[in-house]
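The values are calculated or read from the model by the stated rules, or taken from the named source; none is laboratory data. Since we're looking at a predicted model, the values are computed, not measured. Glycine gets a Cβ as well: all are built from the backbone with ideal geometry, and neighbour counts include every protein chain shown. Note: areas computed on protein heavy atoms with side chains; ligands, DNA, RNA excluded. Shrake-Rupley method; radii C 1.70, N 1.55, O 1.52, S 1.80 Å.
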Amino acid sequence: MQTFFIVAILALGFLITFQIAKASEYVAVLRGYEKSRKQTNKLNGFMLLAFLILGLIGVYYCNERLKGKILGEPASDHGVLVDRMLYVTLAVTFVVFIITQVALFWFSYKYQESDKRKAFYYPHNNKLELIWTVIPAITLTVLVGFGIFYWFKITGDAPDDAMQVEVVGKQFGWEFRYPGKDGVLGKKYFKNVNPAANNPVGQIWEDRYNHDDVFVEQEMHLVVNKPVKLVIGAKDVIHDVGLAHFRMKMDAVPGTPTTMWFTPKYTTKQMKEKTGNPDFVYEISCDQMCGKGHWSMRGTIIVETQEEFDAWLASKKPQYYVANPDKDPSVKRDSVIASAPLTGAVINR
Amino acid sequence: MSEAMNVHSGVAAAHAVHHDDHGHHHHEQSFISKYVFSMDHKTIGKQFLITGMVWAIIGGLFSVLFRLQLGYPDQSFPILETFFGNWAKGGQIQPEFYYGLVTMHGTVLVFFVLTAGLSGTFANLLIPLQIGARDMASPFLNMLSYWFFFIAGIVMLASIFVHTGPASGGWTMYPPLSALRQAGEGQKIGTDLWLISMALFIVSSLLGGLNYISTILNMRTKGMSMTRLPLPIWAMFFTAVLGVLSFPVLLSGAILLLFDRNLGTSFYLSDIVINGEILPNEGGSAILYQHLFWFLGHPEVYIILLPAMGMVSEILSVNSRKPIFGYMAMLGSLFAIAILAFLVWAHHMFVTGLNPFLGSVFVLLTLLIAVPSAIKVFNWLTTLWRGNIRFTPATLFAIGFVSLFISGGLTGIFLGNSTIDIHLHDTMFVVAHFHIVMGVASFFGMFAGVYHWFPKMFGRYLNNTLGYMHFWVTMIGAYLIFWPMHYQGLAGIPRRYLDKKGWVSFNQFGELDKMITVVSIIVFAVQLMFVFNFFYSIFKGRKVTTPNPWGANTLEWTTKINPGHGNWEGEIPEVHRWPYDYGKDGREFIPQTEPVGANESKH
Ligand code: HEM
Ligand SMILES: [Cu+2]
Ligand SMILES: [Cu+2]
């Protein structure tokens, strides 16, 4: 019913517009085409000026309405650089934007057709053209300079004391692996992937670095003020680890591992206070189209203090023991049979 | 008389002896050879235009559908279920349908409308008319170009109706998603059809492009040196060169993808476990495809934009009754853009794990491209300065084009800077950027062209009042839709998210999304009004009464109001000057055909 209504109104509006349009053409012919053309010309000239003024007011209004909604302070050290570069660029481009748009609409209005004026024959002026080649070139060089400087800082090698976490995207969720006490992620091979045997990552159990690696899903834990290096991969198609609050992003490509590093500046708790939002949580968004669940491929990050983190990690059993309960020193021989299927079920969920 | 040979269809070869009195007799053409398998460049241009319009309506309608989902994610629209059945179960667009719509929207508008529809129309219409040729170098290949495009369209259209739905991997069609049938419904037969359709499209585009290049290089009339060419022709020339050099690369990318999909090769595939199934492929590189794609993809955005730039230059000059400012600089910047367009593709791949040093090189090259862009803008502004401007609908669209190009070009400076791109890549900011600078701006160039050359195409005018409404609603609407969208991107909202309810960080723009959806529907309705105006005016529009209604200098206005096959009845006119002598020596305009007078001032 509602749809029908809308269609009817549209059709009616259309008919009326069309009649007006036709009528105005007849009137133009009757009254003399030149005369009505000149009137329309004035009207459009005026509209262009109005568009400029209302448009600029609109730009201001839009900014007032929306500037509070764009995530606020960056939550990582790299994020600070990204935001600084962004605001510098914004300042430069905003000036250019205002100058050029004002010139465009103002000239259009000012130099609209008039019987009194003749157009000025002005085919070129090499000096002017040189000026507006050189000025943008210099401005851009400065922006490029800053940009590349920050870029190398952000993409340079992670500090030696950085902790490592492996992040793997799959349709449609996130998996994480922590290297454990030895600080080294054990080797893996995709043909070993076998969730039913408690090996969702495809770890090679013969590699002893694997024996203390911890596997978790959907929720990543990080330590505040401690650099973290993410080693990123994907199981099936390309995903992307998007960390809007940290202003970081890196594709997760099957077959080609990628990395990125940053230092979280605030714990989740601190961010709750800063944003005044008790439900605040750092989110991982998948930023690369990956199939029908792309829009819902959400992970979360808890940033916490070292002590909290250590306690959390200690509460996790290394995947090696989950997959090979007979090797687990904390499990007594006879209870193995009872506990293994249970843990397996949880992991495979 | 080689030109004369070319204008005749194969049958006419038998009449070769009559060629000297060309124009005095008429071959009776059948309906089929006149309107369907026509070899007249003007008719082929119209065929491209009308086919492009049909595709534009389809592509636009798709965007209205998915905007409904974005603006009103919780509402049910029973009418959608009526039309689309299971794809919109319960009146709600299902994710796979949503992604199918988005993919088709992008593909159709980028390739079928703004590449074929835009270049196809105006290169065909304007090249022979403005350089003074009777037709294209090869009218037959020209016709084939249209029909390949047509078949590509049929295949694409068919893909929408297959059981598993159309391709849904995004218009960039990145593997492994697009390579694996297991990855989703749209990755089944729909993607094969997409690839086949694109291959046909590329053939069409190459046939067209080679023809445009050889026509411009070889068939100019006497006196029409390269530096006397009107700017639309230069723009089409560079467009064609870009296409000829870059489309084959996409073709190879697409073919490798077809192999990976159907023949078990591993060009793009390695280390894949999907739905619990371990695939045997090892050693391929998913990133290889992205290099191949963007080696076309970036030039492609200029393939879309350059013709619009050329036409806007012409229209602004004609209607401000002033020469284009800095013709040589306009040429030089077109040239610079065409070269740089090939050297910046990896700016779409800053966060794919690209080597950071390589990334920084691409930052430099990318921001370099802003220099020729800036030159063009300043030259357009100076063209308007101290003019005597007539606001025809075409002029307004041209002015709108410049405004949009400025806005969208400036956001390109954000994205081209890899540091900022880390945050903005694949967010709504990118969507806002390329819609403004490429989508809407090129559409504006195309509209400007249609309003300006409609009298030449059909001997009638479009209705002006509808034209003005069309312009104002579209201009205001475009900014209302895409300007605030930047803020969504700054907030980090990724592209291609059909519902943000589940997210803590991204769900603060509900009202905005509603507003954008409502405005899109209005803007879409106004485009339908334009289409109506177009077809109505072909038959009922005000008649053109003078061969040169805009008082323009270029050659197309020296033909009859409704030029026949062969364009000029007698000799092709000779050219004596550049095309932009407006307002010179107190004369409003001096056509290119007029010899330079003895006392004329130099410029
Ligand atoms: C000042 C000049 C420009 C610069 C510096 C620039 C820069 C960029 C960059 C770096 C991206 C990639 C953003 C990302 O994915 O993260 C991008 C995307 C895009 N740009 Fe531009 N751009 C400019 C002008 C243009 C023009 C003139 C067009 C079209 C005619 C255009 C069309 C596009 C399109 C279609 C995309 C999106 C492709 C996709 O789907 O991922 N850009 N631009
Ligand atoms: Cu994903
Ligand atoms: Cu690009």
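Numbers at a glance
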{"quantity": "Value in Å of the Kirkwood radius, where region B:260-362 supplies the Cα pairs that are averaged", "calculated": "17.2 Å"}
{"quantity": "Net charge of Cβ neighbours under 10 Å - reference B:Arg321; Lys, Arg +1; Asp, Glu -1", "calculated": "+2"}
{"quantity": "Normalised per residue, the volume of the convex hull around the Cα set of region A:252-300 (Å³)", "calculated": "96 Å³"}
{"quantity": "Region A:201-297: Cα Rg divided by the 2.2 N^0.38 Å rule of thumb", "calculated": "1.22"}
{"quantity": "Orientation-averaged projected area, Cα convex hull of region B:310-457 (nm²)", "calculated": "9.2 nm²"}
{"quantity": "Protein-only accessible surface order, largest first, of B:Lys188, B:Lys456 at 1.4 Å", "calculated": "B:Lys188, B:Lys456"}
{"quantity": "Relative contact order (percent, whole number), chain B, Cα cutoff 8 Å, 6+ residue spacing", "calculated": "16 percent"}
{"quantity": "Table column - 3J(HN,Hα) (Hz), region A:165-171, Karplus curve with 6.51, -1.76, 1.60, x for Gly and Pro", "calculated": "9, 8, 10, 10, x, 8, 5"}
{"quantity": "Distance histogram in 20 Å bins (all Cα pairs of chain A, percent per bin)", "calculated": "20, 37, 25, 14, 3, 0"}
{"quantity": "For B:Phe589, residues with placed amide H under 5 Å, excluding near neighbours", "calculated": "B:Gly583"}
{"quantity": "Under 5 Å, built H, 5+ apart or other chain: amide partners of B:Arg495", "calculated": "B:Thr427, B:Met428"}
{"quantity": "Cβ-Cβ FRET estimate between B:Val54 and A:Tyr189, R0 fixed at 60 Å, reported to 0.05", "calculated": "0.70"}
{"quantity": "D_trans [Stokes-Einstein, Kirkwood Rh over alpha-carbon pairs] for the protein assembly as shown, 10 °C, 1.306 mPa s, µm² s⁻¹", "calculated": "53 µm²/s"}
{"quantity": "Those aspartates and glutamates that a straight Cα-Cα span of less than 18 Å connects to A:Lys274, excepting residues fewer than 8 apart in one chain", "calculated": "A:Glu73, A:Asp77, A:Asp83, A:Glu283, A:Glu304"}
{"quantity": "Antiparallel bridges, percent of DSSP beta bridges restricted to region A:163-334 (to nearest 5)", "calculated": "70 percent"}
{"quantity": "Ellipsoid equivalent to region B:240-280 - semi-axes via the Cα gyration tensor, in Å", "calculated": "30, 9, 7"}
{"quantity": "Whole-number Å³ per residue for the convex hull built on Cα positions in region B:452-597", "calculated": "190 Å³"}
{"quantity": "Over 22 Å (Cα to Cα) - which of A:Lys69/B:Lys501; A:Lys127/B:Lys322; A:Lys170/A:Lys265; A:Lys170/A:Lys229 fall in this group", "calculated": "A:Lys170/A:Lys265"}
{"quantity": "Minimum 50 Å² accessible area buried by the other protein chains, region A:191-207 residues, probe 1.4 Å, relative to alone", "calculated": "A:Lys191"}
{"quantity": "Net charge of neighbours whose Cβ lies under 11 Å from the Cβ of A:Lys170, counting Lys and Arg as +1 and Asp and Glu as -1", "calculated": "-2"}
{"quantity": "Under 18 Å from B:Lys456, Cα to Cα: aspartates and glutamates that are on another chain or at least 8 residues apart", "calculated": "B:Asp40, B:Asp135, B:Glu314, B:Glu556, B:Glu569"}
{"quantity": "Percent antiparallel among DSSP beta bridges (both partners in the protein assembly as shown, rounded to 5)", "calculated": "75 percent"}
{"quantity": "Shielded by partner chains, region B:292-335 residues - at least 30 Å² of accessible area, 1.4 Å probe, vs chain alone", "calculated": "B:Lys322, B:Pro323, B:Phe325"}
{"quantity": "Projected-area mean, region B:63-162, by convex hull of Cα positions, square nanometres", "calculated": "8.0 nm²"}
{"quantity": "With at most 12 neighbouring Cβ atoms within 10 Å, loop GluC sites (Glu not before Pro) (DSSP) excluded, longest segment of chain B", "calculated": "B:29-568"}
{"quantity": "Surface/4 of the Cα convex hull for region A:163-334, nm²", "calculated": "10.7 nm²"}
{"quantity": "Of B:Lys222/B:Lys376; A:Lys187/A:Lys249; A:Lys292/B:Lys89; A:Lys153/A:Lys226; A:Lys181/A:Lys249, pairs whose Cα-Cα distance is over 19 Å", "calculated": "B:Lys222/B:Lys376; A:Lys187/A:Lys249; A:Lys181/A:Lys249"}
{"quantity": "Loss of accessible area when B meets A, both sides summed, Å² nearest 100, probe 1.4 Å", "calculated": "10600 Å²"}
{"quantity": "In sequence order, calculated HN-Hα J values of region A:250-255 (Karplus, 6.51, -1.76, 1.60; Hz; x Gly/Pro)", "calculated": "7, 5, 10, 10, x, x"}
{"quantity": "Given charges at beta-carbon only (K, R positive; D, E negative), |dipole| of the protein assembly as shown in Debye", "calculated": "2700 debye"}
{"quantity": "Nonlocal amide H pairs with A:Ala252, under 5 Å, H built at 1.01 Å", "calculated": "A:His239, A:Asp240, A:Val241"}
{"quantity": "Anchor B:Lys602: aspartates and glutamates whose Cα lies under 13 Å away (excluding residues fewer than 8 positions away in-chain)", "calculated": "B:Asp581, B:Asp585"}
{"quantity": "Fraction of antiparallel bridges per DSSP, chain A only, in percent to nearest 5", "calculated": "70 percent"}
{"quantity": "Rounded to whole Å, sorted largest first: equivalent-ellipsoid semi-axes of chain B, Cα gyration tensor", "calculated": "41, 27, 24"}
{"quantity": "Karplus (6.51, -1.76, 1.60) ³J(HN,Hα), θ = phi - 60°, over region B:418-435, in Hz, Gly and Pro reported as x", "calculated": "4, 4, 6, 5, 3, 7, 8, 3, 6, 10, 5, 4, 5, 4, 5, 3, 7, 5"}
{"quantity": "Rg/Rh (Cα only; Kirkwood hydrodynamic radius) as it applies to region A:25-155", "calculated": "1.16"}
{"quantity": "Loop-exposed chymotrypsin sites (Phe, Trp or Tyr not before Pro) per DSSP, neighbour cap 16 Cβ within 10 angstrom, longest uninterrupted part of chain A", "calculated": "A:206-349"}
